[in-house]
Ligand SMILES: NC(=O)c1ccc[n+]([C@@H]2O[C@H](COP(=O)([O-])OP(=O)(O)OC[C@H]3O[C@@H](n4cnc5c(N)ncnc54)[C@H](OP(=O)(O)O)[C@@H]3O)[C@@H](O)[C@H]2O)c1
């Protein structure tokens with residue numbers, strides 16, 4: 001059976017990914033920090049592993065990976081509600097936690113495939129705005145960086161580390177950069193690639209994007225945006241993969 005290991009497995013997005021992978025007969029290992037999520041995750045068909053990213057060393061995380069030997073690793077954790085109260089959790093989870101996972105994968109030496117969650121508009125803001133942005137995209141960007149500077153910086157630096165250090169790590173990564181999540185239901189449709197910053201996108205549709213990336217190896221090495229849209233998810237991801245739509249150079253360097 002294929003297998004996946006999800007860091008931040010108790011999160012809302014992670015649980016949607018879990019449901020989808022379990023339906024496809026994946027074994028899903030779900031790395032979480034709090035005992036109270038164990039029963040719920042078992043109910044979804046996952047195998048919970050309690051191992052907090054922030055309290056673990058790279059060697060300990062590597063041991064988790066070695067003990068499950070997953071085909072794919074998903075990083076879906078985030079400082080979340082704790083970071084709203086104390087932004088240092090953006091550095092601790094979104095940045096340091098992510099980089100520990102990248103290094104742990106190298107240390108474990110058994111799994112190369114990695115799909116990480118980033119966010120919209122993580123970019124080098126000293127450069128002109130991306131060529132595909134319009135004034136509305138710029139407004140969302142200005143608001144985001146004004147409201148959540150530590151969060152944006154943490155995600156930006158983690159993504160940059162993943163791409164720029166990959167000559168050394170040699171991971172088969174894909175970075176998914178969704179815009180704000182909305183509270184609407186699943187639509188099965190998105191816009192992907194150089195998509196801008198709006199409209200908002202549903203978490204379940206983003207979970208479909210993760211599954212489509214797992215199933216499409218031509219997404220390896222790509223960094224792309226996801227917003228609400230009207231293209232079926234698989235088709236949108238296939239287009240990004242076939243056309244090698246990658247935002248990295250223009251937005252990060
Ligand atoms: N909200 C948006 O509009 C938006 C837009 C684009 C991207 N994103 C990103 O999408 C990702 C998923 O979002 P979401 O809404 O699913 O977030 P979420 O529900 O807050 O999930 C984040 C998960 O990370 C877990 N986590 C935190 N610290 C951890 C640690 N030390 N070890 C292991 N797990 C830990 C949390 O567990 P606890 O509950 O136990 O802390 C939580 O289950 C996040 O990275 C977020 O930044 C969000």
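The values are calculated or read from the model by the stated rules, or taken from the named source; none is laboratory data. It should be emphasised that the depicted structure is a prediction, and the values quoted were computed from it without experimental measurement. Glycine also receives a Cβ, built like all others from the backbone with ideal geometry; neighbour counts cover every protein chain displayed.
The table for this structure:
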| item | result |
| --- | --- |
| Test: residue in region 159-168 that is in contact with a strand residue (DSSP E or B) (Cβ under 7 Å, 6 or more places away or on another chain) and surrounded by 21 or more Cβ atoms within 10 Å (Cβ to Cβ) | yes |
| Number of the condition not met by residue 106 [criteria: (1) over 28 Å from residue 140 (Cβ atoms); (2) without any contact (Cβ under 8 Å) to a residue 40 or more places away in the chain; (3) part of a helix (DSSP H, G or I)] | (2) |
| Residues of region 1-26 classified as within 22 Å of residue 53 (Cα to Cα), within 16 Å of the ligand (Cβ to nearest atom) and not in a loop (DSSP other than H, G, I, E, B), total | 11 |
| Test: residue 126 is more than 14 Å from the ligand (Cβ to nearest atom), part of a loop (DSSP other than H, G, I, E, B) and in contact (Cβ under 8 Å) with a residue 60 or more places away in the chain | no |
| Of the criteria (1) within 15 Å of the ligand (Cβ to nearest atom); (2) assigned to a loop (DSSP other than H, G, I, E, B), which one residue 187 fails | (1) |
| From 207, 212, residue being within 16 Å of the ligand (Cβ to nearest atom) and either part of a helix (DSSP H, G or I) or farther than 24 Å from residue 15 by Cβ (or both) | 207 |
| From 69, 101, residue being more than 9 Å from the ligand (Cβ to nearest atom), in contact with a strand residue (DSSP E or B) (Cβ under 8 Å, 6 or more places away or on another chain) and on the phi > 0 side of the Ramachandran plot | 69 |
| Failed item, numbered, when residue 95 is tested on (1) closer than 28 Å to residue 237 by Cα; (2) more than 9 Å from the ligand (Cβ to nearest atom); (3) outside any helix (DSSP H, G or I) | (3) |
| Residue in region 76-87 that is more than 16 Å from the ligand (Cβ to nearest atom) and within 16 Å of the chain's Cα centre (by Cα) present | no |
| Hits in region 215-234 - residues which are farther than 25 Å from residue 160 by Cβ and more than 14 Å from the ligand (Cβ to nearest atom) | 215, 229, 230, 231, 232, 233, 234 |
| Filter pass, residue 146 being within 15 Å of the ligand (Cβ to nearest atom), assigned to a helix (DSSP H, G or I) and either modelled with pLDDT of 95 or more or closer than 19 Å to residue 201 by Cα (or both) | no |
| Whichever residue in region 27-43 is within 19 Å of residue 114 (Cα to Cα) and surrounded by 21 or more Cβ atoms within 10 Å (Cβ to Cβ) and, among such residues, is farthest from the ligand (Cβ to nearest atom) | 28 |
| Flag if residue 46 is surrounded by 19 or more Cβ atoms within 10 Å (Cβ to Cβ) and more than 11 Å from the ligand (Cβ to nearest atom) | yes |
